[in-house]
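One structure below.
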């Protein structure tokens, strides 16, 4: 199993008190401690990869907004610091390199520990701490560069992956599944949002419903959908903010729930799985959840 990281991802610095902070990467490193993974550096992402999902005008607008010092604010909770663009492009490069490694057979599983996260970034709108749609870019690389015909994304972040949905709304070769608390930011993710070809599956969960309700939904809806889709590659938007200790939501999951879910997801796509970090804002809960998630990816990737 390969883990992709880069010091540049710590150069995306948010204002004091912001939940998406550099300390998240330190918590991820704590979670990875003792797990025998193969370390790789995220290469700098290529603009051509971003353009698979975002128009050139949007890319230019984000680059131009990067400040020389302090912060630039793109929306109510999305900020840029001088190192933010390079950090985001390392996350893009990481997901592309991880997809390349898994599709080529160099690795069976991979985890990209990058930031900022990506699943809220819409085609022309940065939001929810996110600049570029990292996991959607990874899916498009698998489809368009490697020639796969069926890819799936499972997003278990507590917030709906509205950006991934927007970027892949017309992409009939990619099944997108999102489980998320509702009502909650960003307010999208209703079951009737199905995509241009019916390839989007949204599964709202109630606050306080816990891991048992999650398991029922995945057993009853997600796993059958994946079995029918028969993906050649599975990507995971791995947000750990559904944890009971997370300050931004209330699904009440535990680290053991992430362990169970990761293990079951590895039953699909021949076990070829690429996971990328999304949310998770209580640092101890993030460390424990990453440890559970990556330990399973390592075991299943042997």
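The values are calculated or read from the model by the stated rules, or taken from the named source; none is laboratory data. All of these numbers come straight from a predicted model, not from anything done at the bench. Methodologically, a virtual Cβ is constructed for each residue, glycine included, from the backbone with ideal geometry; neighbour enumeration extends over all protein chains shown.
Some notes on this structure:
- The range 273-290 residues that are on the phi > 0 side of the Ramachandran plot and at pLDDT below 95, paired with ones that are surrounded by fewer than 24 Cβ atoms within 10 Å (Cβ to Cβ) and not in a helix (DSSP H, G or I) (beta carbon under 7 Å, 6 or more apart): none
- Failed item in (1) touching a helix residue (DSSP H, G or I) at 6+ places or on another chain (Cβ under 8 Å); (2) under 22 Å from residue 99 (Cβ atoms); (3) in a loop (DSSP other than H, G, I, E, B), with residue 153 passing the rest: (3)
- Qualifying residue in the range 258-269 (condition: more than 18 Å from the chain's Cα centre (by Cα) and surrounded by fewer than 16 Cβ atoms within 10 Å (Cβ to Cβ)): yes
- Helices (runs of 4 or more DSSP H) (entirely within the range 1-101) containing at least 3 residues that are surrounded by 23 or more Cβ atoms within 10 Å (Cβ to Cβ) and touching a residue at least 12 places away in the same chain (Cβ under 8 Å): 23-32
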